[in-house]
Amino acid sequence: MSTTAQHKIGSGFDARSTADDVLRGIDLTGRLAIVTGGYSGLGLETTRALVRAGARVVVPARRPDTAREALAGLGGVEVDALDLGDLESVRGFAERFLASGRTVDFVINNAGIMACPETRVGPGWEAQFATNHLGHYALVNRLWPAIAPGGARVVSVSSRGHHYSGIRWDDVQWREDYDKWPAYGQAKTANVLFAVHLDKLGRDAGVRAFSLHPGGILTPLQRHLSRAEMVEAGWIDENGDLVDPEAFKTPEQGAATQVWAATSPQLEGKGGVYLEDCDIAEPAPADGARAGVKDWATDPEQAARLWELSAELTGVDAFRR
């Protein structure tokens, strides 16, 4: 199976398409999705859209009670505990799911943190890399017996923030000179590289993987940013209102690309690519404009190297012989 080209395919959708738009005409009855963080922000809109299309959705949540409250009244959803920053919690969730004997059709690695103060989790890992990447890496590998049989799609929610940094191979855990934005960028680059290598490893089993930039959306992901920082960035004014509403997506629009990645027939036989605005993205332009995908995030050699490092750090690798 050849590598999918990192170029637009003309999906017919765009930045203003919603999750419901991309699901129109798609019946997900009898299909099962796992959506991490599927109770807040883009995750909540993703869960709602999948349920409306007929899917059952399992929502692993760091705050299960909060998740149940947010999802109250939405049929076809179940909540279970999962803290991506705690590998024992990841193991527990995966074991409980596997014990149910079910297979999964879509895994959407949606949960994440952004630009947090220096925080250490587990054995002293940098929290953004650990939560956004290593936790999801371990989750997918532990769930592999439920992912492989049905030829599932695995969707890794990255960000245009991956432009801020490639992988800092000499100091992945930011032991020195922590800077929250490049650290976030590294974690988002890791999300893309994860999908590149998982697609290579999983395609013989019919499993395909994608990564994506959902767009600019104000959600609880910004909880670590002060109002002053968001004013300085030009996102909001002093009153907390959007400076340029056209520059941001609604949560329904923001959820569209990950839902499209998980379900679209247009991606049949494709994988290992980075998406944006409900299409395959172009490579980042040479002029430095923040668009498309950086080559450091799609390099297969770096993807394989990151997989090996992740396996070493977490002690989990479903493909190790």
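A short reminder: the numbers here are calculations on the coordinates, not readings from a lab. All figures in this text were calculated on a predicted structure; none of them were measured in a lab. Cβ: placed from backbone, ideal geometry, glycine included. Neighbour counts: every protein chain shown.
Some notes on this structure:
- Structure-based [θ]222 nm, the chain - -39500 (n - 2.57) summed over DSSP H runs of at least 4, per residue, nearest 500: -9500 deg cm²/dmol
- The range 10-62 versus the range 101-171: alpha-carbon centroid distance in Å: 19 Å
- Order of H163, H133, H7, H213 - criterion: other Cβ atoms within 10 Å of each residue's Cβ, fewest first: H7, H163, H213, H133
- Between W181 and E301, the FRET efficiency estimated from the beta carbon spacing at R0 = 35 angstrom works out to 0.85.
- Summing Lys and Arg as +1 and Asp and Glu as -1 over all other residues whose Cβ lies under 12 Å from the Cβ of H197 gives a net charge of -2.
- Kirkwood hydrodynamic radius over Cα pairs of the chain, then Stokes diffusion coefficient at 20 °C and 1.002 mPa s, in µm²/s: 110 µm²/s
- Whole-Hz ³J(HN,Hα) from phi, Karplus 6.51 cos²θ - 1.76 cosθ + 1.60, for the range 191-200, glycine and proline x: 4, 6, 4, 4, 5, 4, 7, 4, 4, 5
- Listed residues A256, T36, L98: farthest to the positive end of the dipole of the chain (Cβ charges): L98
- With K and R counted +1 and D and E -1, the other residues having a Cβ less than 12 Å from that of W307 yield a net charge of -2.
- Dipole of the range 19-311 [Lys/Arg +1, Asp/Glu -1 at C-beta], most positive-end residue of P300, G185, I147: I147
- Averaging 1/r over each pair of different alpha-carbon atoms in the range 17-171 and inverting the result gives 16.2 Å, the Kirkwood hydrodynamic radius.
- Legend: ranking of residues V90, V259 from fewest to most surrounding C-beta atoms inside 10 Å; resulting order V90, V259.
- Other residues lying with their Cβ under 12 Å from the Cβ of F106 contribute a combined charge of +3, Lys and Arg counting +1, Asp and Glu -1.
- Counting neighbouring Cβ atoms within 10 Å and putting the fewest first, the residues I9, I147 line up as I9, I147.
- Full extension of the segment from I9 to F319, taken as 0.36 nm per residue of separation minus the current Cα-Cα distance, would add 108.5 nm.
- Charges were assigned to the Cβ only: +1 to each Lys and Arg, -1 to each Asp and Glu. The resulting dipole of the chain about its Cα centre is roughly 1100 debye.
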